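The values are calculated or read from the model by the stated rules, or taken from the named source; none is laboratory data. Nothing here was measured: the structure is a model prediction, and the numbers come from that model. Using ideal geometry, Cβ is built from the backbone for each residue, glycine included, and neighbour counts are taken over all protein chains shown. We work out accessible area using only protein heavy atoms, side chains counted, and drop any ligands, DNA or RNA first. Shrake-Rupley method; radii C 1.70, N 1.55, O 1.52, S 1.80 Å.
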Amino acid sequence: MASGQGSNFEALVQASRGDLEAEICCLVVNNPGCGAQQKAERHGIASVVLNHRDYASREDLDRALIETFRSQGVEVVVMAGWMRIVTPLLIDAFQNRLINIHPSILPSFRGMDAVGQALRAGVSITGCSAHLVTEEVDAGAVICQAAVPVLAGDDTASLSARIHAQEHTMYPWAVALLGQQLRNAQG
Ligand code: GRF
């Protein structure tokens, strides 16, 4: 699931064509024509547009998401820059199988503008976290995290770029770890 440029989506696609034992069966975007959708097209991955503007409520959008994923036999749902709040409908339908990536070391700097929050707080280390999605935003169990230094003179753009680079390495690991956990649970 993506809303924006889709660099994490692309990192997952590349990993799935390398060491990551996962098949990316489809991308869902809420912004038609966004960078993520263009990347899907370039990589030959099917994309589905579920434009939130076409749905009367968050629940209606989540019902459409669930239907899309179920019809494709999706086992794990990966939010990669999905800029909408999801409801318990989606969370319960994919309990422990719905993950998100956030540009901070959670539980620090939850919510919007995590990179700006870190800069304003004056921390010397921030980073990124992959976590299970729960009703409370950016509060689910952490799967893995990577640390990123804040350097003198950093602004939002430079720090975001450094965090993004770590995200691209870390998110495929998070998917692999979750897959391992699910396989272990199945025996
Ligand atoms: C990432 O920084 C991620 O942490 C946040 O949204 C951003 C998505 O970037 N949730 P991209 O679209 O994958 O490039």
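What order do you get for 162-171, 37-46 when each peptide is scored by the mean count of other beta carbon atoms within 10 Å, highest first?
Details: 162-171: 19.6, 37-46: 15.4.
Result, highest mean Cβ count within 10 Å first: 162-171, 37-46.
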Subtracting the Cα-Cα distance from 0.36 nm times the residue separation, let me have the gained length for TYR55 to ALA147 in nm, one decimal. 29.3 nm
List the residues, sorted by chain then number, that are 5 or more residues from VAL150 or on another chain and whose placed amide H is less than 5 Å from its amide H. ILE125, THR126
For the chain, whose charge dipole is built from +1 on Lys and Arg Cβ atoms and -1 on Asp and Glu Cβ atoms, the candidate among ILE99, ALA15, HIS52 with its Cα farthest towards the positive end is ALA15
Normalised by the number of residues in the range 101-182, what is the relative contact order in percent for Cα pairs under 8 Å and 6+ residues apart? 30
Whole number in Å², please: accessible area per residue of the range 1-95, 1.4 Å probe, ligands, DNA and RNA not counted. 51
For a quick check of understanding: with a 1.4 angstrom probe and all protein chains in place, what accessible area in square angstrom does THR156 have, to the nearest ten? 60
Sort ASP54, ASP138 by accessible area with a 1.4 Å probe, largest first. ASP54, ASP138
Provide the solvent-accessible area of CYS144, counting protein heavy atoms only and rolling a 1.4 Å probe, rounded to the nearest 10 Å². 20
Could you order ILE66, ILE143, ILE85 so the one with the most accessible surface comes first? Probe is 1.4 Å. ILE85, ILE143, ILE66
Amide H to amide H, which residues 5 or more places from VAL48 or on other chains are under 5 Å from it, using H placed in the peptide plane? LEU27, VAL28, VAL29
Between CYS144 and residues 5 or more places away or on another chain, which pairs have amide H atoms under 5 Å apart, with H built 1.01 Å from N, and which residues are they? ALA130
Checking the a/c ratio against 1.5 first, then a/b against b/c, what shape does the Cα gyration tensor give for the range 1-113? rounded
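Compute the FRET efficiency between THR156 and ARG70 as 1/(1 + (r/R0)^6), taking r as their Cβ-Cβ distance and R0 = 41 Å, and round to the nearest 0.05. Before the final figure, lay out the partial values.
Working: r = 38 Å, r/R0 = 0.93.
Once rounded, the FRET efficiency stands at 0.60.
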Could you work out how much longer the chain between VAL123 and ALA22 gets when fully extended? Use 0.36 nm per residue separation minus the Cα distance between them, nm to one decimal. 32.8 nm
Just GLY140, GLY81, GLY111 to compare: in a GNM of the chain, with alpha carbon springs under 10 Å, which one fluctuates most? GLY111
Residue by residue, what Karplus-based ³J(HN,Hα) values in Hz, rounded to whole numbers, does the range 124-131 have, using 6.51, -1.76 and 1.60 with θ = phi - 60° and x for Gly and Pro? 9, 9, 10, x, 8, 9, 9, 8
Gain upon complete extension [ASN96, ARG183; 0.36 nm per residue less C-alpha separation]: 30.0 nm
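Roughly how many percent of the accessible protein surface of the chain is carbon and sulfur, given a 1.4 Å probe and a whole-percent answer?
Result for the chain: 50 percent of the exposed heavy-atom area is carbon or sulfur.
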One would report the antiparallel percent of DSSP beta bridges in the range 47-187, rounded to the nearest 5, as 80
What ³J(HN,Hα) values, in whole Hz, does the Karplus curve 6.51 cos²θ - 1.76 cosθ + 1.60 give for the range 100-109 when θ = phi - 60°, with x put for Gly and Pro? 9, 10, 10, x, 7, 8, 5, x, 6, 6
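Dipole size in debye (nearest 20) for the range 101-182 around its Cα centre, Lys and Arg Cβ +1, Asp and Glu Cβ -1? Before the final figure, lay out the partial values.
Numbers: 3 positive and 7 negative charges, 34 e Å.
Dipole about the Cα centre, nearest 20: 160 debye.
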